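Peer 1: Here it is, the structure, as structure tokens.
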């Protein structure tokens with residue numbers, strides 16, 4: 001009973017975490033991470049006199065990378081999707097003389113290059129993308145996501161409106177487009193309002209950008225080529241490469257490890273439960289072999305003996321199952337902070353655990369029960 005109760009508790013926790021991890025793995029991220037190479041580049045240049053140099057480096061890199069065979073699209077971003085590099089507040093339409101940014105709605109601030117949305121698979125819902133004409137000597141523009149539109153522009157179009165964000169300038173930016181939501185904080189977080197700004201109009205953090213390149217095949221095959229291009233344009237620009245899928249793999253490392261750990265312990269508990277049920281029933285049947293022989297001698301069928309033994313074993317296992325489910329319902333509430341789109345009292349998980357443990361108990365008890373049904377009544381009567 002104790003072993004079954006322990007197994008139920010651990011298997012229930014593992015089931016919740018497995019279901020949570022599956023939901024986390026299948027959640028819509030808002031972008032397409034497959035076949036995307038990410039290369040972080042930093043151009044060492046004094047600020048602000050080195051701004052033209054850094055901008056020219058990324059312009060040359062994007063222009064040359066886009067023409068490489070196997071490259072479908074290329075862009076650059078201050079922070080790749082599922083990462084947040086800068087946050088702040090925003091004000092719509094008119095900036096007060098003394099704005100209170102502490103009360104302004106929060107927003108994720110991102111600096112991107114043209115074609116970055118296309119490269120990452122972020123859908124453009126309305127308006128237009130940035131272009132190479134969106135430079136610092138032109139009117140400032142911005143692209144916002146749907147989460148910001150829902151918050152500040154319900155039932156109206158944000159295109160043509162002005163947004164103010166305290167990034168590297170308080171100059172108002174005309175909203176020229178709306179893109180789909182991205183889970184900036186990783187798969188476990190909900191999309192937040194986000195304001196995208198063109199890298200040719202904003203110098204802050206412009207010395208470090210992540211080039212994102214969508215390829216037709218394996219993106220890692222282009223790593224050496226991009227590093228060679230960067231070295232030709234600026235030998236002093238260090239490059240660090242990875243893939244978008246590898247970055248997402250790191251994002252879910254903690255929940256994946258928790259799930260694996262609980263699954264291992266649950267598997268061990270199941271083995272202990274199987275061994276315990278089998279051992280106890282085998283010992284009990286050995287002690288009662290004469291009784292079973294007499295039953296068979298008096299006309300009991302082998303099937304009735306099997307049912308008798310299994311029934312007694314299931315009765316004890318059911319008590320352990322009930323105790324385990326009660327402990328699980330009380331104990332798995334502590335897992336709530338680790339679960340994604342799964343409730344600690346998920347009835348499907350507990351039903352599956354009950355069925356699984358029931359099958360395990362039946363299998364573990366059937367072998368000794370079948371041996372009891374084969375007891376020779378002649379031997380049993382002689383011993384009596």
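The values are calculated or read from the model by the stated rules, or taken from the named source; none is laboratory data. Since we're looking at a predicted model, the values are computed, not measured. Note that we place each Cβ from the backbone using ideal geometry, even for glycine, and neighbour counts take in every protein chain shown.
Peer 1: Among the residues of the range 205-220, write down those that are within 14 Å of residue 72 (Cα to Cα) and at pLDDT 90 or above. Before the answer, list the steps.
Peer 2: Initially, the range 205-220 is screened for residues within 14 Å of residue 72 (Cα to Cα), giving 211-219.
Across the range 205-220, the qualifying residues are 211, 212, 213, 214, 215, 216, 218, 219.
Peer 1: Just wondering, is there one or more residues in the range 105-119 that are loosely packed, with under 15 Cβ neighbours inside 10 Å, in contact with a helix residue (DSSP H, G or I) (Cβ under 7 Å, 6 or more places away or on another chain) and in the same structural domain as residue 60 (by TED's automatic domain parsing)? Show your work before the answer.
Peer 2: Of the residues in the range 105-119, the ones loosely packed, with under 15 Cβ neighbours inside 10 Å are 105-106.
Filter once more, keeping what is in contact with a helix residue (DSSP H, G or I) (Cβ under 7 Å, 6 or more places away or on another chain): 105.
Subsequent filtering for residues that are in the same structural domain as residue 60 (by TED's automatic domain parsing) retains 105.
Yes, the range 105-119 contains a residue that is loosely packed, with under 15 Cβ neighbours inside 10 Å, in contact with a helix residue (DSSP H, G or I) (Cβ under 7 Å, 6 or more places away or on another chain) and in the same structural domain as residue 60 (by TED's automatic domain parsing).
Peer 1: Is it the case that some residue within the range 147-154 is in contact with a strand residue (DSSP E or B) (Cβ under 9 Å, 6 or more places away or on another chain) and assigned to a loop (DSSP other than H, G, I, E, B)?
Peer 2: yes
Peer 1: Look at the range 89-100 and say how many of its residues are surrounded by 13 or more Cβ atoms within 10 Å (Cβ to Cβ) and over 17 Å from residue 151 (Cα atoms).
Peer 2: Counting residues in the range 89-100 that are surrounded by 13 or more Cβ atoms within 10 Å (Cβ to Cβ) and over 17 Å from residue 151 (Cα atoms) gives 2.
Table: residues versus (1) more than 14 Å from residue 368 (Cβ to Cβ); (2) modelled with pLDDT of 75 or more; (3) in a helix (DSSP H, G or I).
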| site | (1), (2), (3) |
| --- | --- |
| 292 | no, no, yes |
| 324 | yes, yes, yes |
| 342 | yes, yes, no |
| 345 | yes, yes, no |
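Peer 1: Listed residues 154, 69; which is under 30 Å from residue 223 (Cβ atoms), surrounded by fewer than 19 Cβ atoms within 10 Å (Cβ to Cβ), free of Cβ contacts under 8 Å to residues at least 40 places away in the same chain and assigned by TED's automatic domain parsing to the domain that holds residue 195?
Peer 2: The unique qualifying residue is 69.
Peer 1: Would the range 43-55 turn up any residue that is surrounded by 23 or more Cβ atoms within 10 Å (Cβ to Cβ), touching a residue at least 40 places away in the same chain (Cβ under 8 Å), touching a strand residue (DSSP E or B) at 6+ places or on another chain (Cβ under 6 Å) and closer than 17 Å to residue 237 by Cβ?
Peer 2: Within the range 43-55, none of the residues are surrounded by 23 or more Cβ atoms within 10 Å (Cβ to Cβ), touching a residue at least 40 places away in the same chain (Cβ under 8 Å), touching a strand residue (DSSP E or B) at 6+ places or on another chain (Cβ under 6 Å) and closer than 17 Å to residue 237 by Cβ.
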